[in-house]
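The values are calculated or read from the model by the stated rules, or taken from the named source; none is laboratory data. Here the structure is a predicted model, which is why all the values come from computation and not from measurement. Positions of Cβ are generated from backbone atoms using ideal geometry, with glycine treated the same way; all protein chains shown enter the neighbour counts. Keep in mind that these areas ignore ligands, DNA and RNA; they rest on the heavy atoms of the full protein, side chains included. Shrake-Rupley method; radii C 1.70, N 1.55, O 1.52, S 1.80 Å.
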Amino acid sequence: MVSNRGTHVLVWEQPGLEDQRPKSYSGGLGTRHWVTFMLFLGMANAYIMRTNMSVAIVAMVNHTALPVKQEALDTECGNVDSNVTKVAQLQDGSFVWSSSLQGYILSSFFYGYVITQIPFGILSKRYGARLFLGVGMLINSVFGLLVPVAAEAGVWWLILVRFIQGLGEGPIVPCSHAMLAKWIPPNERSRMGAAVYAGAQFGTVISMPLSGLLSAYGFAGGWPSIFYVFGLVGTLWCIMFLLFVSEDPEQCPRIKEAEKKYILSSLWGAAGSSSPPIPWSKILLSTPFWAIMLAHMGQNYGYETLMTELPTFMRQVLHFSIKDNGFVSALPYLCMWLFSMFISVVADWMLSSGRFNHTQVRKIINSIGEYGPAIGLFIAANTGCDPAATVAILAVGVGLNGGIYSGFKVNHLDISPRFAGILMAFTNCLANLTGLLAPIIAGYIIEGNPSQAQWKKVFYIAGGVYIFSATFYNIFGSGRRQDWDNPAEDEAIAKKAAAKKNNKLERQTNQNTAETAQ
């Protein structure tokens, strides 16, 4: 059966698969939901491990022993009232680390995280994603338990441990994407994918206030308990994941036969049994792939601006620190988590209704996720001396950003289920590198002159990046499975490769024979 809905072709509507349309499965919660839940917890654990150091380091450092340089503040919103802005004296730690050294400690994790994205994406395609994800996160969790010991041993030991933690966390995104491609039918990917990646916001919401409480009231001297508690929780998750989650439905001993047939009939060559060579040249020449790439890069740049620079703006210009209030700090992440869950259900309803195809749904939902924050940045740049309005815009802007999980974030699974992990590895690697530019560019613009006029430039640039990347995605993006990921052509491609190899061997044999005759 050929679809009549424009360029949209459902996975089971490919040539030769007319009889493999998945039957409706009414078995309630199944094994695929268990896998999704475990991946959600894994993503939450990953973001807890990623962010807990930023809270702990405040309690680790001996602030009174550090030379203090007066921060430049803007007076457009009135002079700073010392009685209002004065905060409680921090309980100093024992480590005398300068601001620049603290920067190296905090960034060491991300260097390890970025460099393992692409290698693990490739390896997971060849050897499977489950083992790399479980063992990688186990390394992350176990070395998290070693952070207090490493800090006492010396700062460079701490940097090394955090770097290794980053290496271990590298598989979380590409391997989660690869497992979603094997376990989740196309008509469920919006909400299942959003559920998994919303674990990032859930982990942040948990990590920020709980790390603060453990730092102040925890055992082992306060801040060390952050790493002991979360490291132990992460280790337990890894053990459960490796014991009770299978690579794909075909290898799962606990899945019901009806659910297995439902999943496999939907995926068409997405399971581990179908593993052709990676078409590198075709991927790099694929416009839909580059649409996802730019959408991902623009999202990370804008997101980092929203989450790292608005609090600085409120401190320097509005004389209000959002970090003084744990609830307000976690509010944007909470809004993003809740909105991503809501919009994912809407996205799947749009698909199941038959009124929209995958391409249309991805573009509509992604537009909310990227144009929304852009508008928020433009408004935040003009809120004037109103901290409450700025906090509200931050919450709404970051909340709308949750649309990206049902937009470009799961689009890898649409265009290429079998290579989704590899595609995500590439886009996530470059997107994280792009995100690092946000604070650098902002710092360059406001250096020594944190006026509202300078901050407007920061917000306008980030909003412009959002709009450009979303517009490029809307023009060139696609929800159709691409021709270079067509299982029906695997046999022909294999025969062509074998024939090419045989021709090469035959030429070498003829050449050797001719040289021998001479």
For the range 371-440, what class follows from the C-alpha gyration tensor (a ≥ b ≥ c being the square roots of its eigenvalues): rounded when a/c is under 1.5, otherwise prolate if a/b is larger than b/c, else oblate? prolate
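Using heavy-atom solvent-accessible surface (probe 1.4 Å) with all chains present, what is the largest-first order of Thr31, Thr427?
In descending accessible area the options line up as Thr31, Thr427.
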Label-point gap, in nm, between Phe476 and Leu243 - each point 7 angstrom along Cα→Cβ: 4.8 nm
Packing-ranked peptide list from 248-257, 375-384, 434-443, highest mean Cβ count within 10 angstrom first, is 375-384, 434-443, 248-257
Among rounded, prolate and oblate, which fits the range 337-453 when a ≥ b ≥ c are the square roots of the eigenvalues of its C-alpha gyration tensor, a/c under 1.5 means rounded, and a/b larger than b/c means prolate? oblate
If you roll a 1.4 Å probe over the heavy atoms of the protein chains, what accessible area per residue do you get for the range 176-270, in Å²? 36 Å²
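Is the range 143-246 rounded, prolate or oblate when judged by the Cα gyration tensor, a ≥ b ≥ c being the square roots of its eigenvalues, rounded requiring a/c under 1.5 and prolate requiring a/b larger than b/c?
Working: a/c = 2.53, a/b = 1.87, b/c = 1.35.
Prolate, because a/c is 1.5 or more and a/b exceeds b/c.
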Report Rg(Cα)/(2.2 N^0.38 Å) for the range 153-197, keeping two decimals. 1.73
One finds, for Thr287 and Ile375 with R0 = 35 angstrom and r their Cβ-Cβ distance, a FRET efficiency to the nearest 0.05 of 0.85
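What is the gain in length, in nm to one decimal, between Asn382 and Arg507 on full extension, counting 0.36 nm per residue of separation less the C-alpha to C-alpha distance?
On the way: separation 125, 0.36 × 125 = 45.00 nm, distance 7.12 nm.
Going from the current span to full extension adds 37.9 nm.
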Can you give the FRET efficiency to the nearest 0.05 for Glu250 and Ile440, using r as the Cβ-Cβ distance and R₀ = 41 Å? 0.30
Peptides 141-150, 39-48 ordered by average Cβ neighbours within 10 Å, highest first: 39-48, 141-150
As a quick test, which of the pairs Lys125/Lys182; Lys363/Lys456; Lys260/Lys282 have an alpha carbon distance above 20 angstrom in this structure? Lys363/Lys456; Lys260/Lys282
Once the piece of chain linking Leu433 and Arg126 is laid out straight, how much longer is it, given 0.36 nm per residue of separation minus the C-alpha distance between them? 108.0 nm
